[in-house]
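The values are calculated or read from the model by the stated rules, or taken from the named source; none is laboratory data. Small disclaimer: the values here were computed from a predicted structure and weren't measured. Quick reminder, even Gly has a Cβ in these numbers, built from the backbone with ideal geometry, and neighbours come from all protein chains shown.
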Amino acid sequence: MTQRSMIIIGAGIGGLATGVYAQRHGSSTQILEAHTAPGGVCTAWQRTDYTFEGCIHHLAGATIGISTAAINARKLVESLR
């Protein structure tokens, strides 16, 4: 049986997950990333004494019992009024 191989463009969460999934199912993968670190928007960086977390913005406005999808849908509806 011939082993499949694939090239994945981007080492964000989706690219990394795709690479892991493909390898677990017998494919050979190579992930290409333009940035110096993997993670896409889910990375952190430092400036002087501060650390900036790029992924935490997904939790903005979240409260207990309300999903972020519901919050985003509500904001979209309100913006259309």
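Filtering the stretch 1-18 down to residues that are over 14 Å from the mean Cα position of the chain (by Cα) and assigned to a loop (DSSP other than H, G, I, E, B), which residue is surrounded by the most Cβ atoms within 10 Å (Cβ to Cβ)? Result: Arg4.
I'd like to check something: does the stretch 16-23 contain any residue that is out of contact with any Ser or Thr (no Cβ under 7 Å at 6 or more places or on another chain), of a type in the set (S, T, N, Q) and modelled with pLDDT of 85 or more? Talk me through it step by step, then tell me what you get.
First pass over the stretch 16-23, keeping only residues out of contact with any Ser or Thr (no Cβ under 7 Å at 6 or more places or on another chain): 16-18, 20-21.
The next check asks that each one be of a type in the set (S, T, N, Q); those that pass are 18.
After this cut, where a residue has to be modelled with pLDDT of 85 or more as well, the list is 18.
Yes: one or more hits.
Restricting to the stretch 19-41, what's the tally of residues that are surrounded by fewer than 15 Cβ atoms within 10 Å (Cβ to Cβ) and in a loop (DSSP other than H, G, I, E, B)? It would help to see each step written out before you state the result.
The initial filter retains those residues of the stretch 19-41 that are surrounded by fewer than 15 Cβ atoms within 10 Å (Cβ to Cβ), namely 20-21, 23-28, 30, 32, 34-37, 41.
When the remaining residues are screened for being in a loop (DSSP other than H, G, I, E, B), the result is 25-27, 34-37, 41.
Counting residues in the stretch 19-41 that are surrounded by fewer than 15 Cβ atoms within 10 Å (Cβ to Cβ) and in a loop (DSSP other than H, G, I, E, B) gives 8.
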